[in-house]
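Only one structure is covered here, and it is reproduced in the block below.
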Amino acid sequence: QVQLVESGGGSVQPGGSLRLSCVASGSLYPYLSMGWYRQTPGNQRELVAAITTGTRTDYADSVKGRFTFARDDAKNTLYLHMGNLKPEDTALYYCNLQQLHGDFWGQGTQVTVSS
């Protein structure tokens, strides 16, 4: 069982930046996929950025060019660098790690973009 703990959320003005972090209690490897999702009240959780076994990272069209997924394997940590934030980016952000023995989610970190 892997536990994921997100941090880095907060309130920011439009155009601002944030970096989300997600620390895993165990190794990220081997993985089937890893990434970030977000959810707003009354809506389904949606993909923000994720990588499957390979090197390509998939991004939601709405965040392309503004958000960047990264990871530090030595620290078992995922990151989501978010730039040029918009009010529509306001959501609860979750990190996800899919491995052969389980599909793991963090508790979420709130991002609020407002002037």
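The values are calculated or read from the model by the stated rules, or taken from the named source; none is laboratory data. Only a predicted model underlies this, so the values are computations on that prediction, with no experimental measurement involved. Using ideal geometry, Cβ is built from the backbone for each residue, glycine included, and neighbour counts are taken over all protein chains shown. Surface areas here come from the heavy atoms of the whole protein model, side chains and all, with no ligands, DNA or RNA. Shrake-Rupley method; radii C 1.70, N 1.55, O 1.52, S 1.80 Å.
Listed values, structure above:
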read-out: Residue that is nearest to Val63 (Cα to Cα), among those in the stretch 73-115 that are more than 14 Å from the chain's Cα centre (by Cα) and part of a helix (DSSP H, G or I); value: Glu88
read-out: Whichever residue in the stretch 1-48 is hydroxyl-bearing (Ser, Thr, Tyr), under 19 Å from Ala74 (Cβ atoms) and part of a loop (DSSP other than H, G, I, E, B) and, among such residues, is most open to solvent (accessible area, probe 1.4 Å); value: Tyr29
read-out: Positions within the stretch 49-72 being part of a strand (DSSP E or B), hydrophobic (A, V, I, L, M, F, W, C) and either touching a Leu at 6+ places or on another chain (Cβ under 8 Å) or loosely packed, with under 14 Cβ neighbours inside 10 Å (or both), in sequence order; value: Ala49, Phe67, Phe69, Ala70
read-out: Cβ pairs under 6 Å, 6+ apart, first in the stretch 41-68 and within 13 Å of His81 (Cα to Cα), second at pLDDT 95 or above and open to solvent by 70 Å² or more (accessible area, probe 1.4 Å); value: Arg66/Asn84; Thr68/His81
read-out: Residue in the stretch 91-114 that is open to solvent by 70 Å² or more (accessible area, probe 1.4 Å), farther than 23 Å from Gln1 by Cα, among the polar types (S, T, N, Q) and without any contact (Cβ under 8 Å) to a residue 60 or more places away in the chain present; value: no
